[in-house]
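So the structure is just underneath, and the comments pick up after that.
The values are calculated or read from the model by the stated rules, or taken from the named source; none is laboratory data. Keep in mind the model is a prediction, meaning the values are calculated, not measured. Note: ideal-geometry Cβ built from the backbone for every residue, glycine included; neighbour counts use all protein chains shown. These accessible areas exclude ligands, DNA and RNA; they are computed on the full protein's heavy atoms, side chains included. Shrake-Rupley method; radii C 1.70, N 1.55, O 1.52, S 1.80 Å.
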Amino acid sequence: MVFAENLLPELVAEALARNPEIRAAEARWRMFEHKVLPSRSLNDPQLTIAFSNYPVDSFNADDTPMTGNDVKIAQKFPYPGKLGLKGEVAETEAEWYRAAYEETRLKVRFGLKDVYYRLFQQDKAIAIVEKNLRLLDDTIRLAETRYEVGQGLQQDVLKAQVERSKLMDSLFTLRQGREEALAALNAILDRPAGSSQSGLPEAGLTPFDFTLAGLQEQAEESRPMFAAYRSLLERFEAKEKLARLDYKPDLTVFAGYRFRDDGLADGGTDFASAGVTINLPIFGEKRSEAVAEARAGSRMARRQLEDFRGKVAANLHSAFARKERSRDQAMLYKTGLVPQASQAFQASMSAYQVGKVDFLNVLNSLLGLYRYEIDYFRAVAEYQRSLARIEYEAGLNRARIQQSYQNNDPKER
């Protein structure tokens with residue numbers, strides 16, 4: 001049997017390569033990554049060229065001994081540790097966006113799998129309705145024949161025609177649902193809106209042996225947003241250290257040279273100068289506010305991390321419960337209700353042909369089979385969608401999940 005995962009990896013790879021949201025997230029990460037090196041670097045030195053102390057009545061260079069042409073160069077040196085902390089702030093910010101990029105890839109992968117199994121469910125439901133329409137048409141012809149020879153009732157034919165109209169209405173709704181799911185798939189894959197997708201391969205129940213507690217531990221290690229919130233906390237911690245260092249002065253070292261005219265009375269001897277400029281961090285209020293801002297940011301990051309952890313745990317619990325329920329339902333339909341309903345329909349049809357049961361019995365058997373078949377594939381799709389949700393919430397790598405659908409446990413087959 002060919003299973004859906006034969007096509008799914010190709011679509012996932014296409015989505016990861018083409019999805020606009022992923023490409024935008026990567027560009028944003030790269031943008032902030034390029035800010036790290038500049039934040040660790042010294043400011044450019046300053047070069048000053050000045051024409052100093054020229055008398056305004058003549059503007060001659062040899063009238064006064066104070067006149068000269070100055071060249072001055074200055075370099076600012078932040079207090080030791082400031083540049084390193086600025087680099088750390090920029091690096092943790094870039095780490096946030098790197099994790100956000102990985103989270104986007106994870107979200108797109110989940111979105112693609114979710115819509116893939118929605119399409120799978122729609123395709124299966126459409127095929128079942130079309131099959132049941134053919135069976136119902138055969139049943140209607142049989143009822144008409146029996147009515148024509150006086151062995152049946154006209155109300156049987158009318159009842160069957162009403163049910164056929166209901167199936168047609170369901171078919172229209174399913175086809176519309178498929179178009180909506182296909183549009184969502186094309187958007188994820190960045191395909192033209194009208195692109196088609198051929199019928200999807202068969203899908204079964206993917207084996208899954210993680211426990212709920214194990215999934216929650218895995219999420220802490222593998223879900224990118226946990227790393228993002230930790231980097232956010234580190235960023236505010238670094239900003240607090242940087243704000244405290246702002247109480248320390250920065251130094252600006254400078255050197256200058258004055259070129260004087262040779263025609264001056266003293267022979268125009270040149271002058272050299274050097275010195276250090278120190279800013280005076282006397283305004284403590286604004287610096288204390290910067291420290292308080294960073295502390296508040298740290299508290300915010302911790303609360304956001306705790307909130308995110310709680311949401312992930314709740315989502316994992318919900319998805320895990322849906323997975324278990326859907327698996328049990330799918331096995332019940334596959335091994336019990338669908339075969340039993342099929343046998344019941346065949347038996348009632350045979351009995352109807354020889355006049356042992358009435359038409360309503362046949363119709364109810366057919367509609368019961370239809371509902372169970374629909375419900376079976378709904379349960380399979382719900383199981384796979386729940387699994388995709390679990391992978392997303394826990395940050396699981398698909399390679400870690402068993403790919404084979406052959407398992408000794410009948411629940412997993």
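Determine the dipole magnitude for the chain: charges of +1 sit on the beta-carbon of Lys and Arg, -1 on that of Asp and Glu, nothing else is charged, the reference point is the Cα centre, and the result goes in debye to the nearest 20. Working shown, then result.
Details: 58 positive and 59 negative charges, 312 e Å.
Roughly 1500 debye, rounded to the nearest 20.
Dividing the convex hull volume of the alpha carbon atoms of the chain by its residue count, what do you get in Å³ per residue?
Working: hull volume 94.4 nm³, N = 413.
Here the figure is 229 Å³ per residue.
Using the alpha-carbon atoms, what tilt in degrees (0 to 90, nearest 10) does helix 82-148 show relative to the longest principal axis of the chain?
The helix 82-148 is inclined about 20 degrees to the chain.
Report, in deg cm²/dmol and to the nearest 500, the calculated mean residue ellipticity at 222 nm for the chain, where each DSSP H run with n ≥ 4 adds -39500 (n - 2.57) and the sum is divided by the residue count.
Values: 10 runs with 267 residues, N = 413.
Counting only the DSSP helices, I get -23000 deg cm²/dmol.
Just to be sure I understand the curve: with the Debye formula and one point per C-alpha of region 1-145, what is log10 I(q)/I(0) at q = 0.15 Å⁻¹?
Rounded to two decimals, the profile gives -0.94.
Hey, if we sort 318, 165 by accessible area with the 1.4 Å probe, largest down, what's the order?
Numbers: 318 50, 165 75 Å².
Putting 318, 165 in descending order of accessible area: 165, 318.
Show me 285-291, 328-334, 67-73, 115-121 ranked by packing, highest mean number of other Cβ atoms within 10 Å first.
Ranking, from highest mean packing down: 115-121, 328-334, 67-73, 285-291.
So what's the gap between the Cα centers of region 265-284 and region 54-118, to the nearest angstrom?
Going from one Cα centre to the other spans 28 Å.
Can you tell me the relative contact order of the chain? Whole percent, Cα pairs under 8 Å, sequence separation 6 or more. Kindly include the intermediate steps, with their values, before the conclusion.
Numbers: 560 pairs, mean separation 99.2, N = 413.
It comes to 24 percent, rounded to a whole number.
Using a probe of 1.4 angstrom, how much of the accessible area of region 54-107 is carbon and sulfur, in percent? The partial results should precede the final answer.
Details: 1610 of 2850 Å².
Answer for region 54-107 is 56 percent, counting heavy atoms of protein chains only.
Among 258-267, 47-56, what's the highest-first ranking by average C-beta atoms within 10 angstrom per residue? Please report the intermediate quantities before stating the final value.
Details: 258-267: 13.0, 47-56: 10.9.
Highest mean packing first, the order is 258-267, 47-56.
For residue 42 and residue 13, what does the FRET efficiency come to when R0 = 60 Å and r is the distance between their Cβ atoms, rounded to the nearest 0.05?
Values: r = 45 Å, r/R0 = 0.74.
Once the sixth-power term is evaluated, E becomes 0.85.
With springs only between Cα atoms under 10 Å, which of 236, 59, 320 fluctuates most in a Gaussian network model of the chain?
Greatest mean-square fluctuation among the candidates belongs to 59.
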